[in-house]
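Down below is the structure, laid out as structure tokens.
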Amino acid sequence: MKRKLFIILLAFLSIHSMMPGQGFYDINTVNTIEITFEEPNWDYLLDQLVANGLEERLTGTATINGEVFDSVGVRYKGNSSYNANQVKNPLNIKLDYIIDDQLYEDYGTIKLANVFKDPSFVREVLSYEIARKYMPAGLSNYANVYINGTYLGLYTNDQDVDKFFMRTHYKSDENPRVKGEIADGVPPGQMGGVWEYFGTDSSSYYDLYQLESDFGWQELVWFLDTLNNHNTVVDNVLNIDNHLWFLAFSNLLVNLDGPINNPQNHYLYKDDNGRFNPIPWDLNESFGIFTTHQTLGQLNTSQLQHLSPFANINESTYPIISKILSNETYKKMYVAHMKTMIEENFENDWYETRALEIQDIIDADVLADPNKFYTYSNFTGNLYNQVGGGPQGIIGIVQLMDARVNYLQSLTEFQYTAPSITDVIHIPVQVSPGDEITFTANLEEEDVVYLAYRSSATGLFTKLMMYDDGNHGDGQAGDGIYGIFLTAGSTDIQYYIYAENQDAVAFMPVRAEYEFYEISITGDLVINEFMADNESTVMDQDGEYDDWIEFYNNGTEDINLSGYYLSDDAAETNLWMFPDTVILAGGYLIVWADKDLTQEGLHADMKLSASGEVIILSDASLNLVDEISFLAQKPDTTTGRYPNGTGDFIEMLPTFGAINSNILTSAEEIISGKESNFSLEQNYPNPFDSKTTITFSLEKGDVVTLEVYNIYGKMIETLASGYLQAGEYTYTWQTNGQPRGIYFCALRVGGQSSVKKMIAQ
């Protein structure tokens with residue numbers, strides 16, 4: 001029986017991470033992708049496209065896990081991994097090549113790598129999984145690929161860094177985006193350095209970058225000029241913290257086929273704050289496969305294990321490193337981030353355990369792959385031992401990382417005593433606009449301490465110095481407790497604590513800025529609930545299943561929304577203006593997000609993306625009232641505040657225009673906490689007419705509540721309440737005039753819950 005967490009989150013201090021859901025890229029799923037071409041000589045035609053340097057694609061049909069897509073465009077991709085003489089070449093499949101908006105789970109382009117140089121089959125997938133803990137990075141898993149009925153083998157399936165990726169991580173997708181990519185035919189000695197400035201002529205950069213957006217060459221030139229020639233203001237044009245995570249990750253994993261060594265295999269995206277953000281890409285040669293260092297030469301096993309974390313720090317042709325790590329504070333942040341990665345992934349051998357788990361998932365598929373580049377014994381052995389000898393040998397992952405971690409931890413910079421940050425607290429716990437918030441933390445080995453905070457999910461963090469003087473809510477002067485006051489605005493606050501001494505720095509949470517604490521601000525007017533994938537739940541007045549947003553008035557006075565604005569674009573917060581509309585005290589208001597202004601009622605000029613975006617409510621002066629950023633949403637499931645109107649956002653049963661419930665929607669069993677001692681069966685019949693039977697069993701006696709809820713989260717009837725002995729129980733629920741539609745039976749036993757969806761027709 002499949003079990004999922006039934007979560008009621010009322011945390012004293014919530015930690016928020018930007019990691020997305022996985023879906024198509026779930027590591028536990030090996031996808032099946034079948035491509036059919038009408039042309040029997042498809043391989044020759046694809047080879048010709050590569051040989052002639054053409055961007056055109058061969059059209060065909062793709063079937064992904066049983067779902068058929070017509071008129072897709074396919075081409076080979078890759079540089080060294082492509083060879084016209086091999087069967088298993090990397091593939092780029094564009095589902096919307098001809099048919100607009102033809103997507104598989106919001107993904108329009110599928111990129112499949114052929115595992116060309118990795119006997120272990122895990123390097124790319126494992127590297128992406130580590131990267132996603134600390135920075136925006138793609139999803140990755142596996143797919144078995146067939147063309148015209150012939151099995152080509154097992155591929156890695158890597159998420160494209162496209163507009164969907166940008167919306168997921170940056171809540172925008174129209175800004176400049178470039179890919180570091182060496183043009184074909186450029187000799188290695190003429191590649192230039194990484195992020196060098198070559199003057200104002202954008203054509204000077206065409207051999208090193210590929211423009212992925214509609215514009216951006218001048219923005220890239222401006223960024224490179226600032227980095228190289230105006231380094232004191234580099235934080236205005238570069239997301240420093242994100243970049244330091246990126247450098248730490250790349251060096252730690254000895255990924256020399258990327259920008260710490262080669263000017264390729266990464267993206268740069270300019271966010272709405274005007275800062276470029278590096279994004280890792282093409283991690284198939286991480287963990288020491290690529291062994292040629294541009295300044296150090298060919299590296300042997302020992303040199304890979306002992307690669308300096310400060311390699312190229314003095315190389316002017318590598319401003320990506322030298323211009324950043326020349327700043328002592330940034331250098332200390334870089335070391336702190338690398339230490340965090342070591343502690344969370346390598347010191348505890350998590351990476352080894354995880355690699356074995358991944359190999360177990362794909363074991364049978366690797367064995368069956370007729371075109372893999374290494375043997376099955378190489379697959380099982382390369383995790384620990386080198387495969388092959390000489391410069392072409394592939395170092396074992398554990399062989400590399402165990403020695404590498406020991407080496408790094410022996411360095412002076414990694415042995416410095418960093419500040420210790422504990423007991424991070426904010427008071428009050430429930431915060432309303434205008435409240436004074438006291439932030440405190442316990443520090444040791446610190447020289448200076450800062451609160452870094454922001455009031456927008458896409459904004460910049462501002463740093464405020466914290467004090468241990470007895471005057472800032474910090475207790476007694478000199479007791480090691482630091483404090484600072486901050487007046488709450490109308491929007492949620494995200495924050496972390498930063499401390500520094502002469503030798504080292506520390507963050508809490510340790511993954512900041514990618515992870516942070518979050519305070520939910522409870523104003524009078526809030527975004528209370530929304531549904532971004534309404535397939536069959538609630539219809540508007542015209543019988544359409546449109547997305548919707550629910551607003552709630554926590555106050556005691558009616559609020560006139562005339563002139564207020566609603567938007568899903570941070571760059572255009574005045575996208576849709578409310579007409580003369582009043583939301584009553586303690587009342588709800590529904591706005592349909594369907595981009596259909598011809599319909600009567602409140603229909604906003606915007607649609608919600610099920611893949612994730614932002615909802616922004618502003619007053620008539622465009623002051624931010626409330627904002628929610630969300631990731632991918634499930635069909636017919638909402639995200640809403642719990643407790644109603646004040647709490648954090650959780651996944652829940654839709655409560656359209658009514659008090660929010662803490663019941664999750666699922667056709668499967670939903671269990672809270674540890675292993676359950678009860679079982680709730682699916683009602684029978686289902687769908688049903690006027691009555692249905694609900695059965696559950698108890699392994700031991702306990703306090704039981706069995707209730708029926710309607711689609712709006714209103715409790716309709718209590719069927720059982722009280723202590724019941726172990727055994728099987730059956731109850732009949734009659735609709736008794738209740739309308740047709742979706743209902744939920746909720747069984748609570750002790751501190752656990754289970755929910756089933758019922759359909760009355």
Residues of the range 626-658 being small (Gly, Ala, Ser), at pLDDT 85 or above and closer than 18 Å to ALA610 by Cβ, in sequence order, are SER629, GLY640
Filtering the range 549-576 down to residues that are of a type in the set (A, V, I, L, M) and over 31 Å from the mean Cα position of the chain (by Cα) yields ILE559, LEU561
Filtering helices (runs of 4 or more DSSP H) wholly in the range 325-425 for at least 1 residues that are at pLDDT 95 or above, touching a Pro at 6+ places or on another chain (Cβ under 7 Å) and over 26 Å from ASP26 (Cα atoms) gives 328-341, 397-410
| ILE99 vs. criteria touching a strand residue (DSSP E or B) at 6+ places or on another chain (Cβ under 7 Å), touching a residue at least 12 places away in the same chain (Cβ under 8 Å) and in a strand (DSSP E or B) | no
Filtering the range 63-93 down to residues that are assigned to a loop (DSSP other than H, G, I, E, B) and closer than 16 Å to THR32 by Cα yields ASN65, GLY66, LYS88, PRO90
The condition from (1) in contact with a Leu (Cβ under 8 Å, 6 or more places away or on another chain); (2) at pLDDT below 95; (3) within 28 Å of GLU181 (Cα to Cα) that TRP42 misses is numbered (2)
Per the filter on the range 192-216, residues part of a helix (DSSP H, G or I) and touching a residue at least 24 places away in the same chain (Cβ under 8 Å) are none
The residue that is farthest from SER81 (Cα to Cα), considering only those in the range 153-163 that are surrounded by fewer than 21 Cβ atoms within 10 Å (Cβ to Cβ) and in contact with a strand residue (DSSP E or B) (Cβ under 8 Å, 6 or more places away or on another chain), is ASP162
Expected single match for at pLDDT 95 or above, more than 22 Å from the chain's Cα centre (by Cα) and surrounded by 23 or more Cβ atoms within 10 Å (Cβ to Cβ) among LEU252, LEU256, LEU283 is LEU256
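Look at TYR151 and say whether it is touching a Leu at 6+ places or on another chain (Cβ under 7 Å) and of a type in the set (Ser, Thr, Tyr).
No; evaluated as a whole, the condition is false for this residue.
Being in a strand (DSSP E or B) and touching a residue at least 60 places away in the same chain (Cβ under 8 Å) is the filter; apply it to the range 21-62 and report the residue that is farthest from the chain's Cα centre (by Cα).
Going through the range 21-62, the residues in a strand (DSSP E or B) turn out to be 30-36, 58-62.
Retained after the next criterion (residues that are touching a residue at least 60 places away in the same chain (Cβ under 8 Å)): 30-36.
On the way: VAL30: 20, ASN31: 20, THR32: 24, ILE33: 24, GLU34: 28, ILE35: 29, THR36: 32 Å.
Among those residues, the one meeting the criterion is THR36.
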Restricting the range 544-562 to residues that are assigned to a strand (DSSP E or B) and touching an Asp or Glu at 6+ places or on another chain (Cβ under 7 Å), the one nearest to SER661 (Cα to Cα) turns out to be GLU550
GLY640 being outside the structural domain of ILE742 (by TED's automatic domain parsing) and touching a Phe, Trp or Tyr at 6+ places or on another chain (Cβ under 6 Å): no
| query | Quick check, is TYR723 farther than 30 Å from MET539 by Cα, among the hydroxyl-bearing types (Ser, Thr, Tyr) and modelled with pLDDT under 85? | reply | yes
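The values are calculated or read from the model by the stated rules, or taken from the named source; none is laboratory data. As the structure is a computational prediction, the values presented were derived from the model and not from experiment. Neighbour counts are summed over all protein chains in view; Cβ atoms, including those assigned to glycine, are modelled from backbone coordinates with ideal geometry.
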